[in-house]
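J.: Let me give you the structure first, and then I'll get to my questions.
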Amino acid sequence: MDIADLLITLLAIPIVASTAFIFGRNPYRWALYAYFIKFWCLIPLFILSKRETPPFPKWIQQLAAEVNTRRELREVKKIETADDLLSQIKKNES
């Protein structure tokens, strides 16, 4: 295995795994397939029927909601005058 083949393999693994996850397939299995047959495994991946991507676990959804709420509260704490509010609105529109 020369260096070019190794680089192609290292590039193929995350691309194929993320594509498999998007299509609702097991990304670990498809990463293993990509290790052996590189980008050629994208062909059967695109031919297979798509499955619904499983939802994120509840704890991840709650964590994301909490982080988003904290971020919004940080922005609200910066607003002290009407001018601050107008500048915040213009910033969000851009």
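Rule-based calculations on the coordinates, nothing more; no lab input. Just so we're clear, the structure is a prediction, and the values are computed from it rather than from any experiment. Glycine gets a Cβ as well: all are built from the backbone with ideal geometry, and neighbour counts include every protein chain shown.
J.: Mean-square fluctuation check for the chain, GNM, Cα pairs under 10 Å: which of T81, T19, T69 is largest?
T.: Highest fluctuation of the listed residues: T81.
J.: Starting at the first residue of the range 31-37, write each ³J(HN,Hα) from the Karplus equation 6.51 cos²θ - 1.76 cosθ + 1.60 with θ = phi - 60°, in whole Hz, x for Gly and Pro.
T.: Result, rounded to whole Hz: 5, 5, 4, 5, 4, 8, 10.
J.: For the chain, which longest stretch is free of loop sites, where a loop site is one of the trypsin sites (Lys or Arg not before Pro) that DSSP puts outside H, G, I, E and B and that has at most 13 other Cβ atoms within 10 Å? Intermediate values should be presented prior to the final figure.
T.: Numbers: sites that count: K50, R51, K78.
Value returned for the longest uninterrupted segment is 1-49.
J.: Summing -39500 (n - 2.57) over the DSSP H runs of n ≥ 4 in the chain and dividing by its residue number, what mean residue ellipticity at 222 nm do you reach, to the nearest 500 deg cm²/dmol? Intermediate values should be presented prior to the final figure.
T.: Values: 5 runs with 69 residues, N = 94.
Roughly -23500 deg cm²/dmol at 222 nm, from the helical runs in the chain.
J.: State the answer as a single residue: which of A64, P14, W40 lies farthest towards the positive end of the charge dipole of the chain, with beta carbon charges of +1 for Lys and Arg and -1 for Asp and Glu, about the Cα centre.
T.: Toward the positive end, the furthest listed residue is W40.
J.: Further question on the same structure: Once you mark the GluC sites (Glu not before Pro) that are in a DSSP loop and have at most 10 other Cβ atoms within 10 Å, what is the longest gap between them in the chain? Please report the intermediate quantities before stating the final value.
T.: Numbers: sites that count: E52, E80.
Free of exposed loop sites, the longest segment is 1-51.
J.: Any chance you could give the angle, 0 to 90 degrees and rounded to 10, that helix 58-77 forms with the longest Cα principal axis of the chain?
T.: That helix lies at roughly 30 degrees to the long axis.
J.: Top mean-square fluctuation among W59, W40, W30, Gaussian network model of the chain, C-alpha springs under 10 Å?
T.: W59
J.: Would you tally the net charge around T69, using a Cβ to Cβ cut-off of less than 13 Å, leaving T69 out, and scoring K and R as +1, D and E as -1?
T.: Numbers: positive: R70, R71, R74, K77; negative: E66, E72, E75.
Net charge around T69: +1.
J.: I would also like to ask the following. Across the chain, how many lysine pairs, 8 or more positions apart or on different chains, have C-alpha atoms separated by under 30 Å? Please give the number. Before the final figure, lay out the partial values.
T.: Working: K38/K50; K50/K58; K58/K77; K77/K90; K77/K91; K78/K90; K78/K91.
Close lysine pairs under the 30 Å cut-off: 7.
J.: Could you go through the range 4-20 in sequence order and give the Karplus-derived ³J(HN,Hα) for each residue, using 6.51 cos²θ - 1.76 cosθ + 1.60 with θ = phi - 60°, rounded to whole Hz, and x for Gly and Pro?
T.: Working through the residues one at a time gives 5, 5, 5, 5, 5, 5, 5, 7, 6, 4, x, 5, 5, 5, 5, 5, 5 Hz.
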